[in-house]
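Colleague: Handing you a structure now.
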Amino acid sequence: MTSTLDDATTDQSPKGRKPMFEGQRTLTSRIAVYIFILGPFAALVAAVPLAWGWGLSWVDIALSVFFFYFSGLGVTVGYHRLFTHGSFKAKRPLKILLAVMGSMAVQSPPTTWVADHRRHHAFSDREGDPHSPWLFGTSPAALARGFWHAHMGWIFDNDVTNKERFAPDLMADKDIIRVSKLFPWLTVATFVLPAVLGGLISWSWWGALTAFFWAGLVRVAILHHVTWSTNSICHMIGERPFASRDKAANFWPLAILSFGESWHNLHHADPTCARHGVQRGQIDTSARLIWIFEKFGWVSDVRWPTEARLAKLSVK
Ligand SMILES: [Zn+2]
Ligand SMILES: [Zn+2]
C-alpha cells in the first residue's frame, strides 16, 4: 500500500521518504477514543426522551449554544483555516486561544487533527485519504459502508498519521505542542466548565447536572456529527460549482451549524482561501469571525477570495 501512496503525484505533503504512519495507538488511547466518542453519542441518543422528563432550562440552552460556538469556531477558524491551511496569520495570544478552543471540541489535539486533515487533502477521495466515502466502490452497499467509514468509522482506525511528515510546522511550534499536551485536561474542562457554570447560575446541583448533560455531552456529540458530516455528506451530496479533483460538494443545509464549512466544494478547489462560502447568500460564520479579528488587528495576511481567482476555479 505504501509504495502506491509514495508514488502519488498529487501528494502535497513534505517528501523526504517519511512514512505515512508513525505507529499504532496505545491501549489507553484506544479506550479513551471509545469513551469520549461513544459517551457523548449515547447522551445524544438519550437526549430526546430525557428532555421530556427532565425539562431543559434556558440556562442549559444558553450554555449549550455558547460552548457549541466556542469549541466549534476553535475547530473551523483555528484547527482548520489557520493551523491546517494557513489562511491567515494570527497574533500569538489569539493563536494559543484558538488551539485551546479547538481542543475543547474533543476531536484530538491540534497536531493530530492537522496531520489527519492534511492527509485528507493530499489524497482526497483516493487511497490514503483517512476518511473518504468512496474507498469501497459505488454500489449502494459500498456507499453505505463508505458513508459510515467517512462519518465516524475512520476514527477507530488504529494507524496514527505521521505528524512529522504532515505537520512538521506544528511539531516545531512550542505553543502548539504545549496545548497538545494539555489535551486530556482540556477534555475534562469542556465537560466540567458547563457543569460549574450551570450550578452557579442556577445555584443548584441539579442545574450543574443538566448543564453537564446538555452543554457538555450533548453539545460535544452534536458538534462531532456536524464536523464528521463535512467528511461524509459533503463528499457525497451537493453542488460542485468549482473544479476540485475530488468529490467535495457544497451542501447548504449544514452551512449554519458547520460555521460555513459545508461549502466544501470551494474549500477543496481552493484550500487556503479564508472564506469557504464565496457565492451570494452563502453564510460563512468562520469567515465573518476572521474578518472581525482582522478589523481588530489580531490577524493579518488573510487570503480573501478575489473575483479573478474564483472565475478561474469555477466550472464553466
Ligand atoms: Zn474534504
Ligand atoms: Zn481543509
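What follows is calculated from the coordinates using simple rules that are stated; it is not laboratory data. Values in this document were obtained by computation on a predicted structure and should not be read as measured data. Cβ sites come from the backbone with ideal geometry, for glycine too, and all protein chains shown count toward neighbours.
Colleague: I'd like the Karplus ³J(HN,Hα) series for region 18-33: coefficients 6.51, -1.76, 1.60, θ = phi - 60°, whole numbers in Hz, and an x wherever there's a Gly or Pro.
Modeller: Whole-Hz 3J(HN,Hα) from phi for region 18-33: 7, x, 5, 10, 9, x, 10, 5, 6, 4, 4, 5, 4, 5, 4, 4.
Colleague: HN-Hα J couplings of region 158-170 from phi, Karplus 6.51/-1.76/1.60, θ = phi - 60°, integer Hz, Gly and Pro as x?
Modeller: Calculated HN-Hα couplings, in order: 8, 6, 9, 4, 5, 5, 5, 7, 9, 9, x, 5, 6 Hz.
Colleague: Taking the Cα centre of region 25-313 as origin, sum charge times position over the Cβ atoms of Lys and Arg (+1) and Asp and Glu (-1), and report the length of that vector in debye to the nearest 20.
Modeller: Dipole size: approximately 500 debye.
Colleague: Calculated from DSSP H runs of 4 or more alone, at -39500 (n - 2.57) each and per residue, what is the 222 nm mean residue ellipticity of the chain, nearest 500?
Modeller: -16000 deg cm²/dmol
Colleague: What nm value, rounded to one decimal, do you get for the distance between Arg30 and Arg145 when each label is placed 7 Å out toward the C-beta?
Modeller: 2.2
Colleague: If you take every residue apart from Pro194 with its C-beta less than 15 Å away from the C-beta of Pro194, what net charge results, scoring Lys and Arg +1 and Asp and Glu -1?
Modeller: Its environment carries a net charge of 0.
Colleague: In debye to the nearest 20, how big a dipole does region 113-254 give about its Cα centre with +1 on each Lys and Arg Cβ and -1 on each Asp and Glu Cβ?
Modeller: So the magnitude is around 100 debye.
Colleague: Kindly write out, for region 192-207 in residue order, the coupling ³J(HN,Hα) from the Karplus curve 6.51 cos²θ - 1.76 cosθ + 1.60 (θ = phi - 60°), rounded to whole Hz, with x marking Gly and Pro.
Modeller: 7, 4, x, 5, 4, 5, x, x, 5, 5, 8, 6, 8, 5, 4, x
Colleague: Of Phe296, Pro140, Phe66, which is farthest towards the positive pole of region 25-313's charge dipole, taken about the Cα centre with +1 and -1 on the beta-carbons of Lys, Arg and Asp, Glu respectively?
Modeller: Phe296
Colleague: What ranking of Met171, Met20 emerges when the number of other C-beta atoms within 10 Å of each C-beta is taken as an exposure proxy, fewest first?
Modeller: Met171, Met20
Colleague: Hey, another quick one. Using the Kirkwood radius over Cα pairs, work out the Stokes-Einstein diffusion coefficient for the chain at 4 °C and 1.567 mPa s, in µm²/s as a whole number.
Modeller: Answer from the Stokes-Einstein relation: 64 µm²/s.
Colleague: Compute the length gained on full extension between Glu127 and Lys174: take 0.36 nm times their separation in residues and subtract their Cα-Cα distance, giving the result in nm to one decimal.
Modeller: Full extension of this stretch gives 13.7 nm more.
Colleague: While we're looking at this one, here's another question. If you average the C-alpha positions of region 290-313 and of region 70-123 separately, how far apart do those two centres end up, in angstrom?
Modeller: Comparing the Cα centres of region 290-313 and region 70-123, I get a distance of 18 Å.
Colleague: In degrees between 0 and 90, to the nearest 10, how far off the longest principal axis of the chain does helix 285-296 point, with axes built from Cα atoms?
Modeller: Approximately 90 degrees, to the nearest ten.
Colleague: Under 15 Å from the Cβ of Leu313, count the other residues' Cβ atoms, weight Lys and Arg +1, Asp and Glu -1, and hand me the total.
Modeller: Here the count lands on +3.
Colleague: On to the next question. Going 7 Å from the Cα of Gln279 toward and past its Cβ, which residues in region 201-244 have a backbone nitrogen under 12 Å from where you end up?
Modeller: Correct set: 238-243.
Colleague: Do you know the relative contact order of the chain, to the nearest whole percent, from alpha carbon pairs under 8 angstrom that are 6+ apart?
Modeller: Computed value for the chain: 21 percent relative contact order.
Colleague: Quick query: amide H of Phe242 versus all other amide H atoms, modeled in the peptide plane; which residues come in under 5 Å with a sequence gap of 5 or more or a different chain?
Modeller: Answer set, sorted by chain and number: Val315.
Colleague: Straight-line reach only, C-alpha to C-alpha below 27 angstrom: list the lysines that Lys174 could link to, leaving out same-chain residues fewer than 8 apart.
Modeller: Reachable lysines: Lys15, Lys18, Lys89, Lys91, Lys95, Lys163.
Colleague: Hey, how many Å between the Cα centroid of region 159-179 and the Cα centroid of region 16-52?
Modeller: Centre-to-centre (Cα) distance: 20 Å.
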